[in-house]
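Q: Okay, here's the structure, questions in a sec.
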Amino acid sequence: MTALRDYSAAVTQPTLGGGAVPYDEVVAPDGGLRPGWRMLAEGAIQLTEADLRRVGGDIERFLANDGVTYTVPEHDPGPWRLDPVPLVLDAAEWAPLEVGLAQRAELLNAILVDLYGPQRLLSSGVLPPAVVFAHEGFLRVSARASAGDPHPLLLSAADLGRNAAGEWRVLADRAQAPSGIGYAMENRRVISRVMPELYRQAGLHRMAPFFQALRATLIDSAPEHAPNPRVVVLSPGTLSETAYDQAFVASSLGFPLVEGSDLVMRDGAVWMRVFGRLERVDVILRRVDAAWSDSLELRKGSQLGVAGLSEAVRRGSVRVVNGLGAGVLENPGLLPYLSAMCEQLLDEPLRLPSVQTYWTGDERSMAYVLDHLDGLAVRSIDQSVDLEHHGPDRLRELIRAEPHRYVGQELLPLSQSPTLDPRGVHPQTVTLRTFTLRYGSTYRPLVGGLATVMTDDRVPSSKDVWVLKASPDDPDQGLPDVLPLTDVRAPAAMVPRVLEDMFWFGRYAERAEDMLRLVLTAHASAEDFRSRPHTAGGASLAVLMSAIGRLSGSRHGTEQLDENFRSLLLDAHRPGSVAQSISALRDAAQSVRDQLSPDTWQAFSWTERASAHLSTYHYSHQVAESAAQMLTGVLSLQGVTANMMRDPGWRMICAGRAVERGLQLCHLLSATTTVRRGIDIDRDVNTAVLAATESAVTHRRRYRGYVRLTGVLELLLTDADNPRSLASGIDEMRQHLAAMPESTGSTRPERLLDDLLDELERVDIAALTAIEGERRPHLDRFLTGYIGQLTRFADAVGEMHFAGSPVPRSFGFATVTE
Amino acid sequence: MRYRVSHRTTYSYDDDVSDSLGIAYLVPRELAWQHVAERALTVTPQPLDHTEDLDYYGNTATYFQVTEPHRVLDVLAVSDVEVQAPQHDEHALLTPWEDARPARRPDLADAWQAHDFALASSLADQTPQAHAYAAQSLAPGRPVGEAVVEVMHRIHADFAYDKTATTVTTTVADIFDKRAGVCQDFAHLTLACLRSHGLAVRYVSGYLATTPPPGKERIVGADATHAWAAVWIPGSGWLAVDPTNDQLVNDRYVTVAWGRDYGDVPPVKGVIFTEATSSTLRVEVDVAPVTG
């Protein structure tokens, strides 16, 4: 039996209780398939549960490789979940929905324009004033007569569910900063790769033209003064719930992803800080809620927005999408009046009804809600009151105290759709998020969407939404004339924050790589000598372990070698550990996600699988295996950077790598070579140092296997032909720093580099290795001094290239009033 | 009466401020009973950007941005204002208070706008205590004018004027706890009490000309900013009451701006970019009668 047949048999079986069976998205009440599925049937019917499970596994892997995350508020980012079975709608069902959604966006726009303008809806009594005045999304700073922004709604979303009759109803409108379109696109990308045949057969609308139209809309929305408008995507940062969605949208559209601290207000306009210059920003696709967008006129103390943004918007010098006041449209208190508003504003009947909603500010509605609390969901009109844990008595009390702040909404049965879970394929409740864009002068719904299913473990999962074409010749998205996106690579927003993240990306990548090599070298030595501590090899192992301890804090005695190795690879709280470097590397990568190739994330899925294996298998050789696997992952980042544009961001990655390599090398040499321990031990230590610095082969070629400290130091310090040497690193740093737009040849970082080079050129290796007793004081002094200078150089790069402005604060913070 | 109002706000910081963005509500409104003959607002150091606009409620909002590094920011507003005592329609004041609630008056053209001031706002939380306190003065059918004046009397009698009792973050519940506050608190208290019964009440910010004790000279700069409340009276505009001084607003009051509460119309607010760790605020207000 195939999965779909099993499912079909199960859902058409009469239920014991004889209760109403919800509308099923795949199976009609007579047991046959719904029209959309009939068109897919051949390919779809043949899928067995095992097939689906394999596809589910592929999906998980693809999503992990792409680094797709979703963050449940107050948790660490978790994986984005996608069910293999799509939600399928045929053209006949979609057509009226599309008309209804377009009308709805048109209506919402008309409401927005009225509420922030003439307010005829309020003065004429069509809409009770308290619905609007009590809503947090109604921004009086945007409702001034002077406000230059005509506030059109450019991108809205609607959440839909089916009623008992199977008709779609709008559950909620999203206009503030609708999220999910990036996830919808990613879902499609993954599904088309894991089920290519089914996808090809289906004849569904591709999503790309919608993105192209969105891009055109944003560019066209720029204020008139801008011939080449600069559009940015404003994100609240990597901690945001939908950070992935934001970065995906930014990079797909080819607009830089910025944060509030990257922008600044001047001359009544918004600017981006780039290399100490200010570049004008014309359009902001806002993913920060309006309340947090301006600490001057909106929420005091917010650092997510741009202080003064409301003023810039009022002057018309920047266009914010959606307008700051658009949040008022998310008010469920509008729903009971939507039909009347539609008649008044558009002079036509409302086509797509909302879920039945009662605003309790109306006396009769309040009476109804109070009498029917069992069958209704009570919500506050702007989510400003948390009602989740209140019983009916408390709800009645709250509603009676401030009736205008609440609505009661009918609970729809919603529909069900087959969903893969660990026990099989079962029906789960599904809702649909749709997106509507203003393109030219009309509203165009995305032909597709993002479906959400609640799984048995209460973690939401998503589904791709397949809207089938009526005829194979129909243009995708009904948009035949949209120009394809030509090279939409995001013009890098080389703001100080981004440069800083790039620099640390380089440093952490190098730090992880160097530590991995050191661990691999030490582990190999441990396999040979752990039981022979009194041999030269055993002593050399102890030296290596103390070097590791110096770089990562020593927490383990020599007898706990394996625990030590494991913690170096797995303990993200151990400073200098591989796990910590990779975690920090990932954070840095996430905040510049729009600038990096999607391949970046495969590196992390490698390292994650290696960590998972190491946690599961407790054999000693698993340490080496996992470390090697991690190294493969981290090294693949070299490939990612090799293919980057040679822009300042890339230069900062390279400079960061070179600084870190230099620092790691000096620390390693200082921990291993500044003390003399006897010929045999020194030879073993030196050999290990060469291995850990990836210079063993070169050394063998050059010195014919004769390992002496002078040779090692020549190769690692002064030999500019060895890419792992200090000299080569300094040279790299000089090249990259010199190419930075702010460099003059005499900036502080450049001068520090001159000093570093100078010192290296004057080094006399023979003098450096001179012995006094057991120690090599000259070498020790040189390395210690060099570490200090490299650190000062790194700090100077930060001061010169990453310095943003200070954190904004309110007038009279920490004030003493006289 | 005619006054020359001078209001200086000075922020001093212990380190350079690279950027100050500010909004000021310091220009008095033009009203039926108030004429602003002259006015000037000066920010020092000189702002790169300095504009004036009418806000949603018709108040003059001044926006400015200073971009040269500074340790002292000085905002000086000087205006020359002629004020008469507002007139009230005695008949309208006799309206039963229940019928002075905008929700009950769809027959009046300005009722829908007044509604904005009948709802809770963040600094005038409608606590059950505030509701109960006002209920004592709102017997069924009582004339609105009488009821409002009684609430004003009671607040004046029951709450002590105490500058040390409250801060800018004081809530209505705090004021009830301490039974004390300053003019801004008493205005918020009035808002919370009357709004919780459905009346529309505005927060008004401005100045009150002080009279020196008999035989003493006026002391320049000893005045302060002031705040009071105004209640919507159907068909007769707004009745302004000053619970701090237990009197109806008269020709000694200069009206600057109104809103839902202090948060809508602070005299000066802003955002600075600085590494400074402390700041000092000094406010000097002088309301001098002008003769002739």
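Q: Please give the helix A:49-65 orientation as an angle from the longest Cα principal axis of chain A, in degrees from 0 to 90, rounded to the nearest 10.
A: 60
Q: Using +1 on the beta carbon of Lys and Arg, -1 on that of Asp and Glu, and nothing else charged, what's the dipole of the range A:693-777 about the Cα centre, debye to 20?
A: 500
Q: Considering Cα pairs under 8 angstrom that are at least six residues apart, work out the relative contact order of chain A and quote it in whole percent.
A: Relative contact order comes out at 14 percent.
Q: A further question follows. Using a 10 Å cut-off around each Cβ, can you sort B:125, A:371, A:347 from fewest to most neighbouring Cβ atoms?
A: A:347, A:371, B:125
Q: Something else now. As a footprinting exposure proxy, order A:652, A:645, A:545 by other Cβ within 10 Å, with the fewest listed first.
A: Ascending number of Cβ neighbours within 10 Å: A:645, A:545, A:652.
Q: Can I ask one more? Just need log10 I(q)/I(0) for the range B:207-292 at q = 0.10, 0.13, 0.16, 0.17 Å⁻¹, Debye formula, equal scatterers on the alpha-carbon atoms, no solvent, rounded to two decimals.
A: Debye output, listed in q order: -0.39, -0.62, -0.84, -0.91.
Q: Next question, about the same structure. Under 5 Å between amide hydrogens, which residues at least 5 positions from residue A:419 or on another chain qualify, with H placed 1.01 Å from N in the peptide plane?
A: Result for residue A:419 returns A:426, A:428.
Q: Okay, moving on. Name the residues whose placed amide hydrogens come within less than 5 Å of the amide hydrogen of residue B:226, ignoring near sequence neighbours (fewer than 5 apart) on the same chain.
A: B:206, B:207, B:208
Q: Using the Karplus curve 6.51 cos²θ - 1.76 cosθ + 1.60 with θ = phi - 60°, work out ³J(HN,Hα) for each residue of the range B:36-45 in order, rounded to whole Hz, and write x for Gly and Pro.
A: Taking θ as phi minus 60°, the curve returns 9, 6, 8, 7, 8, 10, 10, 10, 10, x Hz for the range B:36-45.
Q: Which of B:182, B:147, B:132 sits closest to the plus end of the dipole of the range B:90-262, meaning its Cα is farthest towards the positive end, when Lys and Arg get +1 and Asp and Glu get -1 on the C-beta?
A: In the range B:90-262, that residue is B:182.
Q: Amide H neighbours of residue B:198 under 5 Å, counting only residues 5+ apart in sequence or on other chains, H built in-plane at 1.01 Å?
A: Amide H neighbours of residue B:198: none.
Q: Separate question: When the dipole is taken about the Cα centre of the range A:555-612, and only Lys, Arg (+1) and Asp, Glu (-1) are charged at their Cβ, what size is it in debye, to the nearest 20?
A: So the dipole magnitude of the range A:555-612 works out to roughly 80 debye.
Q: Neighbour counts of other C-beta atoms within 10 Å: give me A:334, B:248, B:138 arranged from fewest to most. Before the final figure, lay out each step's value.
A: Values: A:334 26, B:248 18, B:138 21.
Sorted ascending by nearby Cβ count, the order is B:248, B:138, A:334.
Q: Read phi for every residue in the range B:102-112 and hand back ³J(HN,Hα) as whole Hz from Karplus 6.51 cos²θ - 1.76 cosθ + 1.60, θ = phi - 60°, with x for Gly and Pro.
A: For the range B:102-112, the Karplus curve yields x, 4, 8, 10, x, 6, 9, 5, 9, 4, 4 Hz.
Q: Give me a comma-separated list of calculated 3J(HN,Hα) values for the range B:227-241, in order, Karplus coefficients 6.51, -1.76, 1.60 applied at θ = phi - 60°, integers in Hz, x for any Gly or Pro.
A: Taking θ as phi minus 60°, the curve returns 8, 8, 10, 9, 9, 6, 10, x, x, 9, x, 10, 9, 9, 10 Hz for the range B:227-241.
Q: Could you name the lysines whose alpha carbon sits less than 28 Å from that of residue B:178, not counting residues in the same chain fewer than 8 places away?
A: Within the straight-line limit of under 28 Å, residue B:178 reaches these lysines: A:300, B:163, B:269.
Q: Tell me, how many Å apart are the Cα centres for the range A:694-723 and for the range A:336-378?
A: About 80 Å separates the Cα centre of the range A:694-723 from the one of the range A:336-378.
Q: Please go through the range A:236-318 and write out the trypsin sites (Lys or Arg not before Pro) that DSSP classes as loop and that have at most 16 other C-beta atoms within 10 Å.
A: Qualifying residues, ordered by number: A:299, A:300.
Q: Could you give the dipole magnitude of the protein assembly as shown about its Cα centre, charging the beta-carbon of Lys and Arg +1 and that of Asp and Glu -1, in debye to the nearest 20? Let's see the in-between values first.
A: Values: 104 positive and 142 negative charges, 388 e Å.
Dipole magnitude for the protein assembly as shown comes out near 1860 debye.
Q: Counting GluC sites (Glu not before Pro) as exposed when in a DSSP loop with at most 16 other beta carbons within 10 Å, what is the longest stretch of chain B free of them?
A: B:31-216
Q: Using only Cα positions of the range A:645-802, each an equal point scatterer, no hydration layer, compute I(q)/I(0) via Debye at q = 0.12, 0.16 Å⁻¹ and quote the log10 values to two decimals.
A: Here the Debye-derived log intensity ratios amount to -0.53, -0.87.
Q: While we're looking at this one, here's another question. I need the per residue convex hull volume for the range B:146-225, using only the alpha carbons, in cubic angstrom as a whole number.
A: 127
Q: Rule-of-thumb check for the protein assembly as shown: C-alpha Rg over 2.2 N^0.38 Å? Please report the intermediate quantities before stating the final value.
A: Details: Rg = 35.0 Å, N = 1110, 2.2 N^0.38 = 31.6 Å.
After normalising by residue count via 2.2 N^0.38 Å, the value is 1.11.
Q: Right, here's the next one. On a straight-distance basis, which aspartates and glutamates could pair with residue A:469 in a cross-link, Cα separation under 20 angstrom, same-chain partners fewer than 8 positions away excluded?
A: A:25, A:42, A:90, A:93, A:98, A:197, A:481
Q: Over the range A:645-802, what is the mean sequence separation of C-alpha contacts under 8 Å (at least six apart), divided by residue count, expressed as relative contact order in percent?
A: Reported relative contact order: 29 percent.
Q: Only loop residues by DSSP count here, and only those with at most 12 other Cβ atoms within 10 Å; note down the GluC sites (Glu not before Pro) in the range A:586-674 that meet that.
A: Counting only loop positions with at most 12 other Cβ atoms within 10 Å, none of the GluC sites (Glu not before Pro) in the range A:586-674 qualifies.
Taken together, the values in this text are just the output of simple stated rules run on the coordinates, not laboratory data. Predicted model only: the values in this text are computed from it and were never measured. Positions of Cβ are generated from backbone atoms using ideal geometry, with glycine treated the same way; all protein chains shown enter the neighbour counts.
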